[in-house]
Amino acid sequence: MTTANETVGSQKEEIATIKEREIKISLSDADVRRLWKLAAKAGMSAGELLASFVGDLVDGTYTNGSDERMHAQAWFDRCGFSWLAPKTLLRYLIDCDELDIFVAAWRVIEELDEELADCRSQAERDELEDEIAHWKGEIDEYFALCAEWHGGEAPGTLEAEAAKVLAWHDGLAAAVGDV
């Protein structure tokens, strides 16, 4: 159970990370005008208005209240973003809270592959190959569980799906720093 002091401490940590972010979106000129006018009516900038909505949508550091969070979630659900989304390894890893473990395992394999390329002794090569095989087994298991979770159908090839996961993870890291 989270205590009130833990919640306040956590919010203070989140507040300390608030800064201007650059997130690109594609909008028509007409939609930009509508957004700016709507924000002006509220005495806000377009960025402030969007940040306020995002706070409600993600139950963020600041929200406008429980009803606003409920309606933002209802909007998200009603649009079908979660149930119409493609079945991907990234979605599986996020939904199962395994993303960081998968990425860490993939990065370990990359590092071990580099070590293997520089390896001179056969004993060391054998040891590295065994360790790589272990981590590849872990990765393969995630991919198999993903296929099972999606009704028995793999969402493409492991390499293509892993590339999407790593690109998404690297994008997040670039946006917020180390993840």
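The values are calculated or read from the model by the stated rules, or taken from the named source; none is laboratory data. Given the structure is predicted, the values throughout are model-derived calculations rather than measurements. Cβ coordinates were reconstructed from backbone atoms using ideal geometry, including for glycine residues, and neighbour counts include every protein chain displayed.
Looking at the structure I just gave you, is Phe76 assigned by TED's automatic domain parsing to the domain that holds Phe53 and in a helix (DSSP H, G or I)?
Answer is yes for this residue.
Go through Gly60, Gly43 for me and flag whichever is over 26 Å from Ala167 (Cα atoms) and assigned to a loop (DSSP other than H, G, I, E, B).
Every option except Gly43 fails the conditions.
Quick test for you: out of Ala51, Ala40, Ala16, Ala46, pick the one residue that is within 27 Å of Ala173 (Cβ to Cβ) and touching a helix residue (DSSP H, G or I) at 6+ places or on another chain (Cβ under 9 Å).
That would be Ala46, the only listed residue that is within 27 Å of Ala173 (Cβ to Cβ) and touching a helix residue (DSSP H, G or I) at 6+ places or on another chain (Cβ under 9 Å).
Cβ contacts < 6 Å: first residue not assigned by TED's automatic domain parsing to the domain that holds Phe143, restricted to region 98-109; second residue part of a helix (DSSP H, G or I), any location; separation 6+ or different chain. Result?
Correct list of pairs: empty, since none qualify.
Test Glu13 against the criterion of being part of a loop (DSSP other than H, G, I, E, B) and surrounded by fewer than 11 Cβ atoms within 10 Å (Cβ to Cβ), and give yes or no.
no
With the requirement that a residue be of a type in the set (Val, Ile, Thr) and touching a Leu at 6+ places or on another chain (Cβ under 6 Å), what does region 108-147 give you?
Correct list: Ile132 only.
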